[in-house]
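Engineer: Below you will find the structure I want to go over with you.
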Amino acid sequence: MSYFRPEITAMQGYVPGEQPRRDDIIKLNTNENPYPSTPAVQRAIGMAIKAGLQRYPDPMADSFRNRAAEVLGVEPNWILCGNGSDDILTIVTRAFVGAGECLRLPYPSYILYKTLAQLQGAEAQEIRFQPDWSLSDDFSKARSGLKLAFLPNPNSPSGTVIPIDQVRKLATDLPCPLLVDEAYADFADSNCVALVKENDKVMVSRSFSKSYALAGLRFGFIVAQPHIIEQLVKVKDSYNCDALSIAGATAAIDDQEWLAANRAKILATREKLTLGMRELGFASVDSQANFVWNPHPEVPVRPLYLRLKDEGVLVRYMDYPGWGDGLRISVGTDEQIETCLSLLRGMI
Ligand SMILES: *Cc1c(COP(=O)(O)O)cnc(C)c1O
């Protein structure tokens, strides 16, 4: 059948990381939080259910926006909510990039960006990271048709961060808006929210899937200047966030104490994971996210991924053409990471 737009039949489609339904495996492949969210989330969702679901949800999720605005130090009309931050990335791409135009992204980074460009019939222009995961000025060079740039910061799979001063300069030099994807920023030393106030070309997206331990809830948001939000609202689905996710996310962002305690645990385990992998000869990259990227200069890593999987430990094997492969391992509990490390010690 050939009624589809040619872009659709030509594209591969984004393939999410494996989501096995067994609960006896140690899942370290998609950067979920190993700990349950603050119990306030369950209570808030329970109350929302009791109140009934017969009415449409608040299209702008104002209860969440009001609370998030206080936490971030902006006004509520600087925030737009989404059904996961993937929804936000979709809205932004649809708003700025048309067919035949160009979306810029660094390489290697989040694979979904390319899929979003393909859906628009647009070109995804990849700018390679330097071998040390820094970004050259090529990232901000003008070119015809360039309409939007994505910068995951911290990046995946590396966990590395482009410092705020360089992001400021990139944004100033770029001839188009820059979306800084801060899905992992709660685990980092810094973030770019301040740049949104300085420059209306900068937008920042956040996710509840990683640092708030709510990947199953599907909630994310973007911070941008109000006149940008006003245009993005036209692109989103009218009710893109359901009543339960709005209630849950509002309770989650209200508990900043939980966030700080969880962050401290993840950072401590991240350190153990990084050192443990280096002892095994991996060239593990210093991470500011809740995962660590581990290439190995001598040992082929794909067989290690397969053997770990046989043993019930699922990590992410990534092979980036022209760059190289490695194991991206999410920071689990201390116990999960120790199990993973001791299995690897038996293999290498
Ligand atoms: C996980 C992730 C997201 C998506 O988060 P959701 O809120 O679950 O949609 C976005 N960007 C990057 C870089 C991610 O790793």
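Engineer: Counting only DSSP beta bridges with both residues in the stretch 96-241, tell me the antiparallel percent, nearest 5. Mind dumping the intermediate values first?
Structural biologist: Working: 4 of 21 bridges.
Taking every DSSP beta bridge with both residues in the stretch 96-241, the antiparallel ones total about 20 percent.
Engineer: Computing the accessible area with a 1.4 Å probe over protein heavy atoms, can you report the carbon and sulfur percentage for the chain?
Structural biologist: 51
Engineer: Could I ask something else about it? Taking 0.36 nm per residue of separation and subtracting the Cα-Cα distance, what length does fully extending Asp200 through Thr9 add?
Structural biologist: 65.2 nm
Engineer: Around Phe219, with a cut-off of 13 angstrom between Cβ atoms, what is the net charge of the other residues, counting Lys and Arg +1 and Asp and Glu -1?
Structural biologist: With Lys, Arg at +1 and Asp, Glu at -1, the neighbours total +2.
Engineer: Per DSSP H run of n ≥ 4, the term is -39500 (n - 2.57); total these for the chain, divide by its residue number, and report the mean residue ellipticity at 222 nm rounded to 500 deg cm²/dmol.
Structural biologist: Helix contribution divided over all residues of the chain: -11500 deg cm²/dmol.
Engineer: For the chain, what's the relative contact order in percent, using C-alpha pairs closer than 8 Å and at least 6 residues apart?
Structural biologist: It comes to 23 percent, rounded to a whole number.
Engineer: Next question, about the same structure. For the stretch 8-46 and the stretch 50-111, what is the separation of their C-alpha centers, rounded to whole Å?
Structural biologist: 19
Engineer: Continuing with the same structure: ³J(HN,Hα) across the stretch 124-129 via Karplus (A = 6.51, B = -1.76, C = 1.60, θ = phi - 60°), whole Hz, x for Gly/Pro?
Structural biologist: Going residue by residue, I get 9, 9, 8, 10, 5, 5 Hz, with x marking Gly and Pro.
Engineer: At q = 0.06, 0.07, 0.09 Å⁻¹, what log₁₀ I(q)/I(0) does the chain have when each alpha carbon counts as one equal point scatterer in the Debye sum?
Structural biologist: Here log10 of I(q) over I(0) equals -0.22, -0.30, -0.50.
Engineer: Using modelled amide H (1.01 Å from N, peptide plane; none on Pro or chain starts), what sits under 5 Å from the amide H of Asn294, excluding residues fewer than 5 places away?
Structural biologist: Leu327, Arg328, Ile329
Engineer: Rounded to whole Hz and in sequence order, give me ³J(HN,Hα) for the stretch 213-230 from the Karplus expression 6.51 cos²θ - 1.76 cosθ + 1.60, θ = phi - 60°, writing x for Gly and Pro.
Structural biologist: 6, 10, 4, x, 7, 6, 8, x, 7, 10, 10, 8, 5, x, 6, 6, 4, 3
Engineer: Now for a different question. Which value in nm describes the separation of the simple spin-label points at Ala261 and Ser238, placed 7 Å from the Cα toward the beta carbon?
Structural biologist: Result: 4.2 nm between the two label points.
Engineer: For the chain, with the dipole built from +1 on Lys and Arg beta-carbon atoms and -1 on Asp and Glu ones, taken about the Cα centre, which of Thr9, Leu89, Val180 lies farthest toward the positive end?
Structural biologist: Thr9
Engineer: Search the structure for amide H atoms under 5 Å from the amide H of Ile127, placed 1.01 Å from N in the peptide plane, and list their residues when 5 or more places away or on another chain.
Structural biologist: Leu105, Tyr107
Engineer: Further question on the same structure: Once you charge only the Cβ atoms, +1 for Lys and Arg and -1 for Asp and Glu, what is the size of the charge dipole of the stretch 64-182 about its Cα centre, to the nearest 20 debye?
Structural biologist: Dipole size: approximately 200 debye.
Engineer: Here's something else I'd like to know. Rounded to the nearest 10 Å², what accessible area does Phe96 have for a 1.4 Å probe in the complete protein model?
Structural biologist: 60
Engineer: Quick one: order Arg270, Arg278, Arg55 from most to least accessible surface, probe 1.4 Å.
Structural biologist: Listed by decreasing accessible area, they come as Arg55, Arg278, Arg270.
Engineer: Please give the per residue accessible area of the chain, computed with a probe of 1.4 Å over protein heavy atoms only, in Å².
Structural biologist: Value returned for the chain: 45 Å² of accessible area per residue.
Engineer: Another question about this same structure. Pick out, from Ala142, Val299, Leu280, the residue whose Cα sits farthest towards the positive end of the charge dipole of the chain, with +1 on the Cβ of Lys and Arg and -1 on the Cβ of Asp and Glu.
Structural biologist: Ala142
Engineer: OK, next. Pull up the DSSP beta bridges for the chain and report the antiparallel fraction as a percent, rounded to 5.
Structural biologist: 45
Engineer: Which order, highest average first, do 28-37, 162-171, 322-331, 132-141 follow once you tally other Cβ atoms within 10 Å for each residue and take the mean per peptide? If you can, show how the numbers build up before the last one.
Structural biologist: Values: 28-37: 20.0, 162-171: 17.4, 322-331: 22.2, 132-141: 14.5.
The peptides rank, most packed first, as 322-331, 28-37, 162-171, 132-141.
Engineer: In addition: Quick check for me: using +1 on Lys/Arg Cβ and -1 on Asp/Glu Cβ, what's the dipole size of the chain about its Cα centre, in debye to the nearest 20?
Structural biologist: That gives the chain a dipole magnitude of about 520 debye.
Engineer: Set the Förster radius R0 to 25 Å, insert the Cβ-Cβ distance between Leu275 and Ser134 as r into 1/(1 + (r/R0)^6), and round the FRET efficiency to 0.05.
Structural biologist: Numbers: r = 23 Å, r/R0 = 0.93.
My answer for the efficiency is 0.60.
The values are calculated or read from the model by the stated rules, or taken from the named source; none is laboratory data. Because the structure is a prediction, the values reported are computed rather than measured. Here the Cβ is made from the backbone with ideal geometry for all residues, glycine too, and neighbour counts use every protein chain on show. Note: accessible area is taken over every heavy atom of the protein model, side chains too, but ligands, DNA and RNA are not part of it. Shrake-Rupley method; radii C 1.70, N 1.55, O 1.52, S 1.80 Å.
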